[in-house]
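The values are calculated or read from the model by the stated rules, or taken from the named source; none is laboratory data. Just so it is clear, the structure is predicted and the values come from calculations on it, not from any experiment. Glycine gets a Cβ as well: all are built from the backbone with ideal geometry, and neighbour counts include every protein chain shown. When the accessible area is computed, the model is the full protein with side chains, heavy atoms only, and any ligands, DNA or RNA have been set aside. Shrake-Rupley method; radii C 1.70, N 1.55, O 1.52, S 1.80 Å.
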Amino acid sequence: MEWQVAAHGRLQAHVQGEVCEPGTQSYEAARAIWNAMIDRHPALIVRCRTTEDVVECVHFAREFDHLLGIRGGGHNIAGNALCDGGLVIDLSQMRTVQVDPEHRRAVVEGGATLGDLDAATQAHGLAVPLGINSTTGVAGLTLGGGFGWLSRKYGMTVDNLKAAEVVTAAGEVLQVDTEHHPDLFWALRGGGGNFGIVTRFTFGLHPVGPEVLSGLMVFPAAEAVSVLRRYRRFAGQAPEELAVWAVLRLAPPLPFLPASVHGKPVIVLAICYAGDPREGYRLIEPLRGFGTLLGEHVGVQPYTAWQQAFDPLLTPGARNYWKSHNFEVLEDALFEELADALDQLPSTECELFVGALGGAAGQPESTATAYPHRDARFVMNVHGRWREAADDARCIRWARQVFRNTAPFASGGAYVNFIPADESDAVERAYRVNYARLARVKRRYDPDNLFRVNQNIRPAAA
């Protein structure tokens, strides 16, 4: 308690942001993150407002050897935004996005969400390839790799990162890019929060929208295997502008579906075309013949609306446990396993999705950025999601079983943003051939492993 009182006074005197201590409303608000399974109690949470605030907190944590957590959007599945008993640097008040439409650049503070970035860039008909849930933090998504509807056309999120402002473990503020601290810039593009705290990201932008052809087509679960077979053939021929993902879950009460379908297992094709909608309509017409179409909602809508379309299914406050695989090819036996998993969903909110990559996301070499999985043409997320702690064991068991059953068809590796807290062997799988180089960069910029509340890369031996 004496430590907390002294720390509170020192930090409050030196930072512009708010220092939140246990027992206060602001502390409880800052402690609540997206995954309700995470219930950690930091000693203090500092809601930083400036890069200088971040520097002061880093100096304090290093001086007193306190565990340090970094919160951006608070979306990480493993709960790495928080730590027990230590200091949390909360960037959620640093959400400014500045867009230079002439040079197609956006400078984004470390606490911004995808929604913040999309709103600012779409005002100019521009976009960055991001994820599919607007409340996700830009920082965590980017540092792990980042992919979404635009990645087949414009690459991973990290492929569009042009520069970053980084606070190191020594409290230095570095401006990094391909010419300045290139080793650190390489490591930031997929290496997670291991190397420093990124207070500003600079992204290249692409012409997208402000409206895109997008939407959903829904088919019965009984036809899941045949739909997936047709999907595989279609995805192999689709142009880079077209992303079609498959989602297997219980049908939400969507207004375009008959009431008799609500709550029933279905397979959904989610579509986004980053090109002329007239050409997009022609390209997606074959999808309607993949099976018995229970309903569809496809049309031209604002890109920002499509980026928020899955938000109602991904609201904060639910309990979440994920497992994932990468695939170079989709085999028939995998489809059988997915259909079985759909039949055994342990809650109304659990789902499986198969996201399509390839295209521009697969063009760089595996060593071009810290994110190495350029051979992955599809990413599967086994998304366990439920509400009551009493259901933890059942839902986690389902996710792990699906992960095991589908492992024989996977290409190996792991997407670091989808790794749960208990998957301790996954870090080296996430970085594969790049792990040794990342450990050397870690030794240079964080030799004492101050930034270790993450999917941790330990510093290489001297």
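Quick one: what pairs do we get from the stretch 296-319, first residue under 23 Å from ARG282 (Cα atoms), second open to solvent by 30 Å² or more (accessible area, probe 1.4 Å) and among the acidic types (Asp, Glu), C-beta under 8 Å, 6+ apart or different chains?
Close Cβ pairs satisfying both conditions: VAL300/GLU211; GLN301/GLU211; PRO302/GLU211; TYR303/GLU211.
Please work out which residue is most open to solvent (accessible area, probe 1.4 Å), limiting yourself to the stretch 235-255 and to residues that are in a loop (DSSP other than H, G, I, E, B) and among the charged types (D, E, K, R).
This residue is GLU240.
Pairs, please: C-beta under 6 Å, at least 6 apart or cross-chain, first residue touching a residue at least 24 places away in the same chain (Cβ under 8 Å) and in the stretch 144-166, second among the acidic types (Asp, Glu) and open to solvent by 10 Å² or more (accessible area, probe 1.4 Å)?
Listed by first residue and then by second, the contacts come to ARG152/GLU240; LYS153/GLU240; LYS153/GLU241; ALA163/ASP177.
Does ALA390 qualify as being free of Cβ contacts under 8 Å to residues at least 12 places away in the same chain, open to solvent by 20 Å² or more (accessible area, probe 1.4 Å) and of a type in the set (A, V, I, L, M, F, W, C)? Spell out how you get there, then give the answer.
Values: free of Cβ contacts under 8 Å to residues at least 12 places away in the same chain: yes; open to solvent by 20 Å² or more (accessible area, probe 1.4 Å): yes; of a type in the set (A, V, I, L, M, F, W, C): yes.
Answer is yes for this residue.
Just a yes or no: is a residue in the stretch 126-143 of a type outside the set (Ser, Thr, Tyr), more than 25 Å from ALA78 (Cβ to Cβ) and under 18 Å from the mean Cα position of the chain (by Cα)? Break it down stepwise before answering.
Looking only at the stretch 126-143, we keep the residues that are of a type outside the set (Ser, Thr, Tyr), and these are 126-133, 137-141, 143.
Of the ones still in play, those that are also more than 25 Å from ALA78 (Cβ to Cβ) are 126-127.
The next check asks that each one be under 18 Å from the mean Cα position of the chain (by Cα); those that pass are 127.
There is at least one residue in the stretch 126-143 that is of a type outside the set (Ser, Thr, Tyr), more than 25 Å from ALA78 (Cβ to Cβ) and under 18 Å from the mean Cα position of the chain (by Cα).
Take ARG452 and tell me if it is open to solvent by 20 Å² or more (accessible area, probe 1.4 Å) and assigned to a helix (DSSP H, G or I). Don't jump to the end; show me each part of the working.
Working: open to solvent by 20 Å² or more (accessible area, probe 1.4 Å): yes; assigned to a helix (DSSP H, G or I): no.
So ARG452 fails the test.
Can you pull out the residues in the stretch 190-229 that are among the basic types (Lys, Arg) and touching a Gly at 6+ places or on another chain (Cβ under 8 Å)? Don't jump to the end; show me each part of the working.
First pass over the stretch 190-229, keeping only residues among the basic types (Lys, Arg): 200, 229.
Answer for the stretch 190-229, where residues must be among the basic types (Lys, Arg) and touching a Gly at 6+ places or on another chain (Cβ under 8 Å): just ARG200.
If you scan the stretch 403-427, which residues turn out to be touching a Lys or Arg at 6+ places or on another chain (Cβ under 7 Å) and of a type in the set (A, V, I, L, M)?
The one that is touching a Lys or Arg at 6+ places or on another chain (Cβ under 7 Å) and of a type in the set (A, V, I, L, M): ALA414.
Of all helices (runs of 4 or more DSSP H) completely enclosed by the stretch 100-199, which ones contain at least 2 residues that are closer than 20 Å to ARG443 by Cα and open to solvent by 10 Å² or more (accessible area, probe 1.4 Å)?
Details: elements: 114-122, 138-144, 151-154, 182-188.
The qualifying helices (runs of 4 or more DSSP H) are 182-188.
Among the residues of the stretch 78-91, are any under 19 Å from ARG200 (Cα atoms), part of a loop (DSSP other than H, G, I, E, B) and within 15 Å of the chain's Cα centre (by Cα)?
Scanning the stretch 78-91, I find at least one residue that is under 19 Å from ARG200 (Cα atoms), part of a loop (DSSP other than H, G, I, E, B) and within 15 Å of the chain's Cα centre (by Cα), so the answer is yes.
Read through the list (1) more than 29 Å from ALA120 (Cβ to Cβ); (2) touching an Asp or Glu at 6+ places or on another chain (Cβ under 7 Å); (3) open to solvent by 50 Å² or more (accessible area, probe 1.4 Å), then give the number of the only condition that VAL300 fails.
(1)
Out of everything in the stretch 20-45 that is part of a loop (DSSP other than H, G, I, E, B) and farther than 28 Å from ASP392 by Cβ, what residue ends up being least open to solvent (accessible area, probe 1.4 Å)?
First, pick out the residues of the stretch 20-45 that are part of a loop (DSSP other than H, G, I, E, B): 21-24, 32-43.
If we keep only those that are farther than 28 Å from ASP392 by Cβ as well, we get 21, 24.
Details: GLU21: 66, THR24: 47 Å².
Per the criteria, the residue is THR24.
Which ones in the stretch 256-299 are part of a strand (DSSP E or B) and over 18 Å from LEU352 (Cα atoms)?
Of everything in the stretch 256-299, those that are part of a strand (DSSP E or B) and over 18 Å from LEU352 (Cα atoms) turn out to be CYS272, TYR273, GLY295, GLU296, HIS297, VAL298, GLY299.
Condition check: among the hydrophobic types (A, V, I, L, M, F, W, C) and open to solvent by 10 Å² or more (accessible area, probe 1.4 Å). Does PHE64 satisfy that? So that I can check it myself, show each step before the final result.
On the way: among the hydrophobic types (A, V, I, L, M, F, W, C): yes; open to solvent by 10 Å² or more (accessible area, probe 1.4 Å): yes.
For PHE64, the condition - among the hydrophobic types (A, V, I, L, M, F, W, C) and open to solvent by 10 Å² or more (accessible area, probe 1.4 Å) - is met.
In the stretch 206-234, which residues are open to solvent by 10 Å² or more (accessible area, probe 1.4 Å) and not in a strand (DSSP E or B)? Reasoning before the result, please.
Residues of the stretch 206-234 open to solvent by 10 Å² or more (accessible area, probe 1.4 Å): 206-207, 209-211, 216, 220-223, 225-226, 229-230, 232-234.
Across the stretch 206-234, the qualifying residues are GLY209, PRO210, ALA221, ALA222, GLU223, VAL225, SER226, ARG229, ARG230, ARG232, ARG233, PHE234.
Filter the stretch 393-412 down to residues that are open to solvent by less than 10 Å² (accessible area, probe 1.4 Å) and either in a loop (DSSP other than H, G, I, E, B) or among the charged types (D, E, K, R) (or both), then give me how many there are.
0
Please work out which residue is nearest to ALA81 (Cα to Cα), limiting yourself to the stretch 416-433 and to residues that are outside any helix (DSSP H, G or I) and without any contact (Cβ under 8 Å) to a residue 24 or more places away in the chain. Write out each step before concluding.
We begin by selecting, within the stretch 416-433, every residue outside any helix (DSSP H, G or I); these are 419-425.
Subsequent filtering for residues that are without any contact (Cβ under 8 Å) to a residue 24 or more places away in the chain retains 422, 424-425.
Details: ASP422: 16, SER424: 17, ASP425: 20 Å.
Filtering the stretch 416-433 for residues that are outside any helix (DSSP H, G or I) and without any contact (Cβ under 8 Å) to a residue 24 or more places away in the chain, the one nearest to ALA81 (Cα to Cα) comes out as ASP422.
Which condition breaks for GLN237 when tested against (1) under 23 Å from LEU283 (Cβ atoms); (2) touching a strand residue (DSSP E or B) at 6+ places or on another chain (Cβ under 9 Å)?
(2)
Check the stretch 46-55 and report whether any residue there is in a strand (DSSP E or B) and either surrounded by fewer than 24 Cβ atoms within 10 Å (Cβ to Cβ) or within 23 Å of the chain's Cα centre (by Cα) (or both). Before you say what the answer is, go through the steps one by one.
Of the residues in the stretch 46-55, the ones in a strand (DSSP E or B) are 46-47.
Narrowing further to those that are either surrounded by fewer than 24 Cβ atoms within 10 Å (Cβ to Cβ) or within 23 Å of the chain's Cα centre (by Cα) (or both): 47.
Among the residues of the stretch 46-55, at least one is in a strand (DSSP E or B) and either surrounded by fewer than 24 Cβ atoms within 10 Å (Cβ to Cβ) or within 23 Å of the chain's Cα centre (by Cα) (or both), which makes the answer yes.
Among GLY111, GLY140, GLY125, which is the only one that is small (Gly, Ala, Ser) and either touching a Lys or Arg at 6+ places or on another chain (Cβ under 6 Å) or modelled with pLDDT under 95 (or both)? Don't jump to the end; show me each part of the working.
On the way: GLY140 fails: either touching a Lys or Arg at 6+ places or on another chain (Cβ under 6 Å) or modelled with pLDDT under 95 (or both); GLY125 fails: either touching a Lys or Arg at 6+ places or on another chain (Cβ under 6 Å) or modelled with pLDDT under 95 (or both).
Every option except GLY111 fails the conditions.
Do we find a residue being farther than 21 Å from ASN326 by Cα, touching a Cys at 6+ places or on another chain (Cβ under 7 Å) and not in a helix (DSSP H, G or I) anywhere in the stretch 434-448?
The answer is no; no qualifying residue exists.
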